[in-house]
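> Once you've had a glance at the structure underneath, I'll fire off some questions.
Just so it is clear, none of the values below were taken in a lab; they were calculated from the coordinates. Bear in mind the structure is a predicted one, so any value in this text is a computation, not a measurement. Every residue, glycine as well, gets a Cβ built from its backbone with ideal geometry; the counts of neighbours run over all protein chains shown.
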Amino acid sequence: MKNAGTLKITTPTGHEIAMTRVFDAPRRLVFDAFTKPELVKQWLLGPPGWTMPVCEIDLRVGGAYRYVWRHTNGKEMGMGGVYREIVPQERLVCTELFDEAWYPGEALVTTTLVEQGGRTTLTSTMLYVSQETRDAVLKSGMERGVVASYDRLEELLASIE
Amino acid sequence: MMATLRALAEPNRFQIVELLRDGPRPVGDMVNRLGLRQPQVSKHLRVLSDAGLVDVRVDAQRRIYALRPAPLQELEAWLERYRRIWEVNFQRLDAVLIDLKSRELKTKEKKRGRTKR
C-alpha cells in the first residue's frame, strides 16, 4: 500500500493507534507543514466549520505547542503539549493533551517521515497511557516493539455489524 | 473505548472474541480450542466481561459466554470518525504541499534566471 493518498489506521496494541499515509512531496516540506504555524493552520482543522485561531509552536526539546480551534457555531477546542524529541525532517515526539480529554493522562505522539523517490511516508503513533507508563517508555528510549498486529481487528469489526 | 482496545490487545483474548463471533460457547469448548488451561481462559473471560465485551449465562453445570456487540460497534464508530477527520486533514495537507512545491520551483527558476543573466 504505497499509494499516495491512502490512509491506513491500525491499533498495534491496546494503547496505540497508528496512522500511515504517503505524501507526494519530499520530507523536508512535510516536516515544515507539521512544524510551521502558518502552514499547520492551513490543514490541521478537522471536520468542516473549524478554523485554527491559535497555533503556537516552540520547536525545541522541552518547548511547548498550543493549538486552539474555533467552530463557526462559537465552540472552541484547545490542545497542547511539549516536544520530547526532535530530529529535523525525520522524527518528532511530543506529548498531547486536549483541554477536554476523553482519555486519562496525556498521549505520546511519535511521528516519523521516510522519503523515497521524492515521496514521503508518514507514520504517526499515538500512545495513550498513564503518565507513569509514558515516562517509563520515554526513559527506555522509545525502543518498544509492536506487541501484536491488529490488522485482524478491522476484519472482526466488519463481521460484528 | 480504550477499555475495549485494551481488552482486545491480548492475543488470546482477541482469539476468544473471534471464537464467540460464531455464536455463544461454553468455557470448556473454548479451553479445547485455544489449547490453554481452564484458569487462564477464565481469567481472560473475566477481563472481557469487565470490559463489557461478553455476557455469561449458566446452563445446568456449564457457563456459556456470548459476545456483546455494543462495545465493538462503538469502537468501530470511533475509529471511523477518527479516520474521517484525518482523511480530510491529510487531503488539505496534500494541497498545502502542492503549493509549497510550486513556490519552491518558482524560487529556483528565479535564481536560475538571475545566474544566467
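> How far apart, in nm, are the 7 Å Cα→Cβ label points at B:Arg62 and A:Lys75?
According to this spin-label approximation, the distance is 4.8 nm.
> Please state the Cα pair-distance histogram of the stretch B:2-67 with 5 angstrom bins from zero: what percent is in each bin?
P(r) over the stretch B:2-67, rounded to whole percents: 4, 19, 34, 28, 12, 3, 1.
> Using alpha-carbon pairs under 8 Å, 6+ residues apart, how would you state the relative contact order of chain B in percent?
About 25 percent, as a whole number.
> What is the Cα radius of gyration of the stretch A:15-112 over 2.2 N^0.38 Å, N being its residue count?
1.09
> While we're looking at this one, here's another question. How do A:Glu100, A:Glu106, A:Glu90 rank when sorted from fewest to most other Cβ atoms within 10 Å of their own Cβ?
By the 10 Å Cβ count, ascending: A:Glu100, A:Glu90, A:Glu106.
> Next question, about the same structure. Can you pull the Rg over Rh of chain B, Cα-only, Kirkwood?
Taking Rh as the inverse mean 1/r over Cα pairs, Rg/Rh reads 1.46.
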